[in-house]
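Nothing in this text is a laboratory measurement; each read-out follows from the coordinates by a stated rule. All of these numbers come straight from a predicted model, not from anything done at the bench. FYI the Cβ positions are ideal-geometry reconstructions off the backbone, even for glycines, and counts take in every protein chain you see.
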């Protein structure tokens with residue numbers, strides 16, 4: 001199957017499975033989305049959504065977040081992974097946003113200059129808060145792009161570039177969310193059965209399927 005045929009077939013199936021793509025992190029505006037995405041690193045969206053209501057009740061703007069201080073922020077997000085570091089970053093970033101005028105600017109250079117905000121977080125905010133085409137690559141997307149032979153998996157940066165070449169720009173925002181949902185529902189990282197997966201069963205490279213079967217056998221043998 002030619003690469004473009006594979007991409008089109010994947011896109012058609014993703015549209016059938018996920019015709020709508022609700023944003024999994026609860027938020028009310030670009031700032032609260034930025035905070036939620038920053039908190040989600042190495043933490044599930046479910047846990048973030050359990051923690052942010054209390055946080056946003058007292059700090060849903062940069063000014064309120066800065067006024068809280070890092071210690072109070074930590075108390076509110078303690079259940080989140082890497083909470084001490086994230087609390088300091090939220091407080092510092094709030095100050096940076098205030099200094100820049102108090103609003104979230106839809107600009108990569110600005111977003112990535114904020115404490116605790118990397119390219120993936122910036123891409124999510126650009127796409128989901130402002131509708132600007134972006135292809136934020138998380139662990140699910142990185143894994144599936146490699147499995148489907150759309151990227152070699154050598155780096156997150158390479159995966160992002162390859163997916164942007166594969167899919168039309170006007171599809172990037174929805175494909176990002178659809179692939180995340182697909183990864184969670186059908187394509188787990190461990191003990192994945194390629195033969196029954198709606199996409200891996202025909203799109204995965206033989207080399208990748210064999211490599212993952214070997215990895216699984218080794219993991220089981222080491223127990």
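With r defined as the distance between the Cβ atoms of residue 132 and residue 4 and R0 fixed at 25 Å, what FRET efficiency is calculated, to the nearest 0.05? Don't skip to the answer; put the middle values down first.
Details: r = 25 Å, r/R0 = 1.00.
Computed FRET efficiency for residue 132 and residue 4 comes out at 0.50.
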Among 133, 22, 106, the residue with the largest mean-square fluctuation in a Gaussian network model of the chain built from Cα contacts under 10 Å is 22
Rounded to the nearest whole number, the per residue volume of the convex hull around the C-alpha atoms of region 1-80 in Å³ is 124
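Using a Förster distance of 30 Å, how high is the FRET efficiency between residue 100 and residue 79, based on the Cβ-Cβ distance and rounded to 0.05?
On the way: r = 30 Å, r/R0 = 1.00.
The computed FRET efficiency comes out at 0.50.
How would you order 177-183, 58-64 from highest to lowest mean count of nearby Cβ atoms within 10 Å? Could the numbers behind the result be given before it?
Values: 177-183: 21.3, 58-64: 17.6.
Put in order of decreasing packing, that is 177-183, 58-64.
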The chain: relative contact order from alpha carbon pairs under 8 Å, six or more residues apart, as a whole percent, is 17
With R₀ set to 22 angstrom, the calculated FRET efficiency between the beta-carbons of residue 152 and residue 213, to the nearest 0.05, is 0.70
Once both label points are put 7 Å beyond Cα along the C-beta direction, the residue 195-residue 110 separation in nm becomes 5.4
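With a/c under 1.5 counting as rounded, go ahead and sort the chain into rounded, prolate or oblate using the C-alpha gyration tensor (a ≥ b ≥ c being the square roots of the eigenvalues; past the cut-off, prolate if a/b is larger than b/c, else oblate). Working shown, then result.
Details: a/c = 2.40, a/b = 1.72, b/c = 1.40.
It is prolate, given that a/c is not under 1.5 and a/b is the larger ratio.
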